[in-house]
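Asks: Please read through the structure below; I'll follow up with questions.
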Amino acid sequence: MPDSANVNAAIDAWTAALGAEYVITDEQTLAGAETATFATSQRIKAILCPADRDQVQACVLIANNRRVPLYPVSAGKNWGYGSRVPPSDDCVILALGRLDRIVDFDEKLAYITVEPGVTFEQVNRFLKENNSRLMINVPGSTHQASLIGNALERGTAHGLNGDRWTRVCGLEVVMPTGKCIHTGLERFSGARASKVFAWGIGPSLDGLFSQSNLGIVTRMTLWLDPIPDFFQYFSFSIDQEDSLGGLIDNLQSLRRDGLLETTCGLYNHYRVLTYLGQYPWDESEGKTPLSSELLNRISGPLGGGVWFGEGAIIAPNREIGEIKQKHLRARLRGSVDDLSFKAPNEENPLIGHCMNTGLSSVYWRKRSAPPEQMDPDVDRCGVIWCCPVSPFSGKAVSRCLEILERTMVAFGFEPIIGIQCLSIRAVYVLASIVYDRNQEGHDETAMQCHDAALRALADQGFFPYRLGIQAMTGVSPSTDDYGWLLRTLKDSLDPFDILAPGRYDFRQEWPD
Ligand SMILES: Cc1cc2nc3c(=O)[nH]c(=O)nc-3n(C[C@H](O)[C@H](O)[C@H](O)COP(=O)(O)OP(=O)(O)OC[C@H]3O[C@@H](n4cnc5c(N)ncnc54)[C@H](O)[C@@H]3O)c2cc1C
């Protein structure tokens, strides 16, 4: 814990470097930043709002001199994983929202270079204004999330190329000591391919800065997706749980054969109900979780479906698109109970400049309707994600779902689950424990449920693709010298441990 004389001296120095307006210490704002969508106890000393990379470096130097830890956030919408709250106590938040420039853009080569404060909304607006035929898909929470924060967490999206981290290059990174490095070819002056070629020459360093605490990313290039000339949205459903394994194997074969090039999303009936409305408090007479009888009663609008899916066919022209559609329809028909296609190129949530998100779903267990300006932290929505990765096989996914469903029901939560089929090999199973933080005891039960699910999944070989701040010590220990390597890197790159201590550094495994 930094001593208070050092913190005060650091605050004076940051105030001199940034201006008083950009060093926030008022209790109310700090309390807001200490609030997530689950219980946290970490205190925050201040919030710094630098305007550019030079100011970021100045902040980092002061943090080193005074040994005060910093926690960088870009837009700070990491809901369900900790929001803006650092994993360890007494950090100062480095809020990068003022670094909000779109630095470079190329329509032909389909890339955009941005600073950390640039949001999906800003980029989609920019693309529209420039009559661009490019798109970037938005995370399911909000278009006010940042491209860089989402990518660094290795976030996902529906539609084209949903695995964000595979679409980045040319990072500019302020190191924990204040030095600045660039990844890929960006380190060479005038390198022509620095925004279109990720590897550079020599060891590829990008991975060191995602899900880590080894640097502050102040610039990144993301590859955008050309909107295809032909796209066609389709949706489907199944009426029986035990048809799911076969459907998943079928979807895998469709992806493998190139008939399905977008991420395919699957949602169980609980998840769909959270999109459509809120918990039936009156009918349930205030009891949770949802009984199967009540579930059946309120599932009328779902037409008997228990799992729902969506995807899109894409093609360079109508002729090829229609052939793909014919084959996809024939191969999918046998494993679904309902299948429908939108008209070609009709507006849809997967392709194009779409801003749709499902944030209202986290108000499922609240007693009042979602407000116009939704903020799950302020509104005390309870959300904790538990998101294991599974091989793309019906058998493996069914096993993973079984564990999640059993655990969530045992702790009194609806098993609200989605599946994102991101590649031909792996899927993310996305379970959200959704509750009302105002209900006494639910913060504790929800966290116990999350921890039990994480343990039970790991016992069966399923590990999460991403962790919340409360779960950084929750995964099983490595069976090799991974802890030693992380410690060696951290000690040498961040000798005073000032950058996001405890964030994905697995220090509980560090050798003495
Ligand atoms: C209903 C709902 C749906 C959601 N759907 C999705 C989804 O579809 N896909 C998805 O990926 N997520 C989803 N999320 C989770 C979350 O909202 C998104 O991942 C969101 O993009 C994260 O917020 P952000 O982009 O503002 O990142 P931030 O909160 O700014 O950053 C995330 C973390 O990355 C680190 N970081 C941020 N910026 C930097 C930097 N410049 N340098 C170093 N480290 C940095 C910090 O530790 C920070 O805590 C969902 C959440 C909810 C509640």
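Yes/no matrix, rows are residues, columns are (1) closer than 21 Å to SER398 by Cβ; (2) more than 16 Å from the ligand (Cβ to nearest atom); (3) touching a helix residue (DSSP H, G or I) at 6+ places or on another chain (Cβ under 6 Å):
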{"site": "ALA426", "(1), (2), (3)": "yes, no, no"}
{"site": "SER432", "(1), (2), (3)": "yes, no, no"}
{"site": "ARG455", "(1), (2), (3)": "yes, yes, no"}
{"site": "VAL475", "(1), (2), (3)": "no, yes, no"}
{"site": "TRP484", "(1), (2), (3)": "no, yes, no"}
{"site": "ARG487", "(1), (2), (3)": "no, yes, no"}
{"site": "TYR504", "(1), (2), (3)": "no, no, no"}
{"site": "ARG507", "(1), (2), (3)": "no, no, no"}
{"site": "TRP510", "(1), (2), (3)": "no, yes, yes"}
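Asks: If we keep just the residues of the range 180-200 that are open to solvent by 10 Å² or more (accessible area, probe 1.4 Å) and within 15 Å of the ligand (Cβ to nearest atom), which is farthest from LEU499 (Cα to Cα)?
Replies: Restricting to residues being open to solvent by 10 Å² or more (accessible area, probe 1.4 Å) and within 15 Å of the ligand (Cβ to nearest atom), the top hit is HIS182.
Asks: Given the options SER74, SER83, name the one that is in contact with a strand residue (DSSP E or B) (Cβ under 8 Å, 6 or more places away or on another chain) and buried (at least 19 other Cβ atoms within 10 Å of the Cβ). Walk me through how you get there before you give the answer.
Replies: Numbers: SER83 fails: in contact with a strand residue (DSSP E or B) (Cβ under 8 Å, 6 or more places away or on another chain).
Among SER74, SER83, only SER74 is in contact with a strand residue (DSSP E or B) (Cβ under 8 Å, 6 or more places away or on another chain) and buried (at least 19 other Cβ atoms within 10 Å of the Cβ).
Asks: Just checking, which of THR479, THR445, THR473, THR488 is farther than 18 Å from PRO388 by Cβ and part of a loop (DSSP other than H, G, I, E, B)?
Replies: Details: THR445 fails: part of a loop (DSSP other than H, G, I, E, B); THR473 fails: farther than 18 Å from PRO388 by Cβ; THR488 fails: part of a loop (DSSP other than H, G, I, E, B).
After ruling out the rest, the residue left standing is THR479.
Asks: Of the conditions (1) buried (at least 23 other Cβ atoms within 10 Å of the Cβ); (2) more than 13 Å from the ligand (Cβ to nearest atom); (3) hydrophobic (A, V, I, L, M, F, W, C); (4) in a loop (DSSP other than H, G, I, E, B), ILE112 fails just one. Which one is it?
Replies: (4)
Asks: Scan the range 228-238 residue by residue and report those that are outside any strand (DSSP E or B) and either touching a Cys at 6+ places or on another chain (Cβ under 8 Å) or open to solvent by less than 60 Å² (accessible area, probe 1.4 Å) (or both). Full working, then the answer.
Replies: So in the range 228-238, the residues outside any strand (DSSP E or B) come out as 228-229.
Matches in the range 228-238: PRO228 only.
Asks: Being in contact (Cβ under 8 Å) with a residue 40 or more places away in the chain and among the polar types (S, T, N, Q) narrows it down to one residue among GLN439, GLN448, GLN508; which is it?
Replies: Values: GLN448 fails: in contact (Cβ under 8 Å) with a residue 40 or more places away in the chain; GLN508 fails: in contact (Cβ under 8 Å) with a residue 40 or more places away in the chain.
After ruling out the rest, the residue left standing is GLN439.
Asks: Still on this model: Give the residue that is nearest to the ligand (Cβ to nearest atom), with candidates limited to residues of the range 72-105 that are out of contact with any Phe, Trp or Tyr (no Cβ under 8 Å at 6 or more places or on another chain) and free of Cβ contacts under 8 Å to residues at least 40 places away in the same chain.
Replies: Per the criteria, the residue is ASP100.
Asks: Next question. Looking at this structure, is ASP379 within 16 Å of the ligand (Cβ to nearest atom), in contact with a Phe, Trp or Tyr (Cβ under 8 Å, 6 or more places away or on another chain), open to solvent by less than 60 Å² (accessible area, probe 1.4 Å) and of a type in the set (D, E, K, R)? Break it down into steps so the answer makes sense when it comes.
Replies: On the way: within 16 Å of the ligand (Cβ to nearest atom): yes; in contact with a Phe, Trp or Tyr (Cβ under 8 Å, 6 or more places away or on another chain): yes; open to solvent by less than 60 Å² (accessible area, probe 1.4 Å): yes; of a type in the set (D, E, K, R): yes.
In short, yes.
Asks: I've got another one for you. Only residues in the range 150-178 that are farther than 18 Å from ILE424 by Cα and assigned to a loop (DSSP other than H, G, I, E, B) count as the first member; pair them with residues that are more than 10 Å from the ligand (Cβ to nearest atom) and among the β-branched types (Val, Ile, Thr), Cβ under 7 angstrom, at least 6 apart or cross-chain, and list the lot.
Replies: MET175/ILE181; PRO176/VAL60; PRO176/ILE498; GLY178/VAL60
Asks: Same structure, new question: Out of ARG43, ARG53, ARG67, which single residue is basic (Lys, Arg), under 23 Å from MET472 (Cβ atoms) and either within 16 Å of the ligand (Cβ to nearest atom) or more than 25 Å from the chain's Cα centre (by Cα) (or both)?
Replies: Numbers: ARG43 fails: either within 16 Å of the ligand (Cβ to nearest atom) or more than 25 Å from the chain's Cα centre (by Cα) (or both); ARG53 fails: under 23 Å from MET472 (Cβ atoms).
That would be ARG67, the only listed residue that is basic (Lys, Arg), under 23 Å from MET472 (Cβ atoms) and either within 16 Å of the ligand (Cβ to nearest atom) or more than 25 Å from the chain's Cα centre (by Cα) (or both).
Asks: Sticking with this structure for a sec: Would you check if VAL103 is more than 30 Å from ILE419 (Cβ to Cβ), more than 21 Å from the chain's Cα centre (by Cα) and among the hydrophobic types (A, V, I, L, M, F, W, C)?
Replies: Numbers: more than 30 Å from ILE419 (Cβ to Cβ): yes; more than 21 Å from the chain's Cα centre (by Cα): yes; among the hydrophobic types (A, V, I, L, M, F, W, C): yes.
Yes.
Asks: What's the number of the condition ALA145 fails, among (1) open to solvent by less than 30 Å² (accessible area, probe 1.4 Å); (2) without any contact (Cβ under 8 Å) to a residue 24 or more places away in the chain?
Replies: Failed condition: (2).
Asks: Any idea which of GLU153, GLU172 is within 23 Å of the chain's Cα centre (by Cα), under 16 Å from PRO116 (Cα atoms), of a type in the set (Asp, Glu) and more than 9 Å from the ligand (Cβ to nearest atom)?
Replies: On the way: GLU153 fails: more than 9 Å from the ligand (Cβ to nearest atom).
On inspection, the qualifying residue turns out to be GLU172.
Asks: While we're looking at this one, here's another question. Assuming ALA312 fulfils every condition listed in (1) surrounded by fewer than 23 Cβ atoms within 10 Å (Cβ to Cβ); (2) within 26 Å of the chain's Cα centre (by Cα) apart from one, which condition is it?
Replies: Exception for ALA312: condition (1).
Asks: Mind counting the residues in the range 315-341 that are assigned to a loop (DSSP other than H, G, I, E, B), open to solvent by less than 70 Å² (accessible area, probe 1.4 Å) and in contact with a Ser or Thr (Cβ under 9 Å, 6 or more places away or on another chain)? Steps first, answer last, please.
Replies: Just the residues of the range 315-341 that are assigned to a loop (DSSP other than H, G, I, E, B), to begin with: 316-317, 334-337.
Restricting the remaining residues to those that are open to solvent by less than 70 Å² (accessible area, probe 1.4 Å) gives 317, 335-336.
Narrowing further to those that are in contact with a Ser or Thr (Cβ under 9 Å, 6 or more places away or on another chain): 335-336.
Number satisfying all stated conditions: 2.
The values are calculated or read from the model by the stated rules, or taken from the named source; none is laboratory data. Quick caveat, the model's predicted, so the values are computed rather than measured. Quick reminder, even Gly has a Cβ in these numbers, built from the backbone with ideal geometry, and neighbours come from all protein chains shown. Protein only, heavy atoms only, side chains kept; ligands, DNA and RNA dropped before computing areas. Shrake-Rupley method; radii C 1.70, N 1.55, O 1.52, S 1.80 Å.
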